[in-house]
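In what follows, a single structure is set out as structure tokens and then discussed.
Values quoted throughout were computed directly from the atomic coordinates according to the rules given, and no laboratory measurement underlies them. Worth saying up front: this structure is predicted, and the values here are computed from it rather than measured. No Cβ is skipped: glycine too gets one built from the backbone with ideal geometry, and neighbour counts run over all protein chains shown.
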Amino acid sequence: MDQVLAIQKVKEKIQKFLSESGSDQSPDVKNFLTEIDDDLQVFLNKGIDFKVVTDSLDDSIFITDKDGVCLYVNPAHHRNTGILPEEVLGRKVSDIVEEGSLFTGGATLEVLKTGKRAFRLSTVNKTNPPRTGYAVGVPIFDKDGSLSQVVVSSRPILSLRLLHEDFEKFLSEVNSVDESRRNVRIQTNTDESCRLIGSSVSMQKLYNTIRMAAPTDATVLITGESGVGKEVVADEIYRMSGRYDKPFIKVNCASIPPTLLESELFGYEKGAFSGANPSGKQGLFELANGGTILLDEIGDMPMDLQVKLLRAIQNREITKVGGTRAIKLDIRFIAATNSDLKAKIAEGTFRQDLYYRLNVIPVNIPPLRERFEDLDDLCRHFVDYYNEKHGRSLVLTDRHLAMIKRYSWPGNIRELENVIEYLVICASSADTGVDELLRGIIDISQSKDLPPGSENLHHSKENYEKALIESVLKESKSLREAGAKLGVNASTISRKIKHYNIDYPKSK
């Protein structure tokens, strides 16, 4: 008898009792039974019969009570094992396993012993030949925390073999997704704090623009040199917007191959082109629907794709590659670039009409050399952050800050942050240690108007990278550990060791 039928019978008995009892029963009893009847009706209205659900599964389901006595097996259990329900129902699993004629192993006994989930192999001895399967056991607890039941789901090991046979295709699909979407990130809304640091006049103007623009759905174009913090500004616009609880997709247009960018943004229908996923693919615009999308390095987008992007922004709809059905969009567009888009328009590499569509709210972030009054705040922020992250206690004195201000910081805030992290990790407690390291990684004599990309900057960056790798290697047991600390793989560390001729024992 299934749950729905059983509940229906209980309801009929309650209704019969209420109609026949008349005035013989107290109002309290009648009210109590009426409430039960209403609750049962709510359950029936939901239309969920969990026994029907488990009966329909392909996985074998085996449920016991807290003593290991079998209470229920679904039909798939018989199909997969050949064991009849009457051979196990009402029997202890420990007795069945000890007897060994039906099955051995399994996860039930482990869950009963530990009260924790368990993954185990189980051999069904009733089949000829015996069949091995894998079982996952899950404990069910009462409200007071006591073990109440154990639910085990299992499948024949053949299903794992089938997965193994199809693994190369599966791995190929995963790699293709990883290759094309490695420069795509989905922002979560866990950070409630503002990451914009500084109180200069230019930063105050930037704050005001963000505060006015963020609550709207107007398209924003963020411009500025590499390293000034364009993504941070985009994050702040998203954080202050009404779409903060919706997806935020970040796409680096320069890092995705042009041949893949269209299908990544718009998606494609099944069979759209050779090598496509047979079931088609959802595009990033669809993924961002209802939320916000950041198109970083928009100046590097191919011209033919610029036309389709313009159409998507104007019409608020897209069509998948190989498709005919229009998909409506509800997206907040943010674009960012370190390119001079007006110069690109003059060169004929960027569409003027797309520029005007993107430049509804222009946000230009000044380079660090134009807001040196913010440098003290930035240094303190990064020192505090990396002291806490690495368990250090670096203190920058006024002399250190004066030395830092003599440098032009062509790499902007990104370069400053990297230098501060290096100092936090590598500087000794002695005051002179910071001085020496600063002179080693930045050219203090460099003029503030020295153009980015100079030979001095190149050598400064290499000195910084070499010193940072050497420091991390001293505190790491392996190249893998050093790579994990620096956010790269072991092969990159190995290549850098050879490039910088770093003295590192191979046996370490």
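So which trypsin sites (Lys or Arg not before Pro) in the stretch 324-419 end up in coil per DSSP with only 12 or fewer other C-beta atoms within 10 Å?
On the way: sites: 325, 328, 332, 342, 344, 351, 357, 369, 371, 380, 389, 392, 399, 405, 406, 414; in loops: 325, 351, 371, 392, 406.
Here the sparse-neighbourhood loop sites are 325.
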Exercise for review: List, largest first, the extents of the alpha carbons of the stretch 190-338 along their principal axes, each in whole Å.
Suggested key: 54, 28, 28
Exercise for review: Which order do the peptides 484-496, 252-264 take when ranked by the mean count of other beta-carbon atoms within 10 Å per residue, highest first?
Suggested key: 252-264, 484-496
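Grab the beta carbon distance between residue 340 and residue 477, set R0 = 35 Å, and tell me the FRET efficiency rounded to 0.05. Display every interim value, and only then the final one.
Details: r = 47 Å, r/R0 = 1.36.
Once the sixth-power term is evaluated, E becomes 0.15.
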Review point. How high is the relative contact order of the stretch 217-365, in percent, counting Cα pairs under 8 Å that sit 6 or more residues apart?
Key: 37
Revision key, fill the gap. Over its alpha-carbon atoms, the stretch 277-434 yields an Rg and a Dmax in Å of 22.4, 69
Review point. Hey, what did the stretch 80-164 get for relative contact order, percent, Cα under 8 Å, at least 6 apart?
Key: 23
